[in-house]
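Quick note: the coordinates plus some simple rules give every number you see, no bench work behind them. Remember, predicted model here, so these are calculated numbers, not experimental data. Here the Cβ positions follow ideal geometry from the backbone for every residue, glycine too, while neighbour counts run over all protein chains shown.
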Amino acid sequence: MGQVTAVGDASPWRVAARICWPAGTAVLSPLANPARQPADLVNRVITRFGEVAMGSGARFVPSLQDFSARGIGYGDAEVRAQIDAARGAGAAGFVLWDPSVTYTASALDPAPPED
């Protein structure tokens, strides 16, 4: 979470991307167990970005965790919690990351019907 301050002078930025992986932020997070609190972590990171970049016009697109780590399984509920938290906190979108490239498609919104 502390790395968000790197965008303090965000005025020339249009979009800022930030890793919001609960399994990888245990040291930086004030949460007791961020890997088990994915929505809380994502909300805190995006809220902090908004505070740092306020008035700059920069938009935030977080990279969300879509993989199991540190003995904690990530599936539909955990991935969806991050997506909902990102949207609720005002993110401009999101990117999922899974190093195995086995994404949890069932956690995504269904595709709109084709005309």
### Task
Calculate, for ASN33 and SER56, the FRET efficiency according to 1/(1 + (r/R0)^6) with r their C-beta to C-beta distance and R0 30 Å; round to the nearest 0.05.
0.40
### Task
For ARG70 paired with SER100, estimate the spin-label separation in nm (one decimal), with each label point 7 Å from Cα along the Cα-to-Cβ line.
1.9
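Any idea what the dipole of the range 44-115 comes to, in debye rounded to 20, about its Cα centre with Lys/Arg Cβ at +1 and Asp/Glu Cβ at -1? Show your work: numbers first, answer last.
Numbers: 6 positive and 9 negative charges, 92 e Å.
It comes to approximately 440 debye.
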## Note on the structure
Note on the range 16-115: alpha-carbon gyration tensor, axes a ≥ b ≥ c; rule is a/c under 1.5 for rounded, else prolate if a/b larger than b/c, else oblate; result oblate
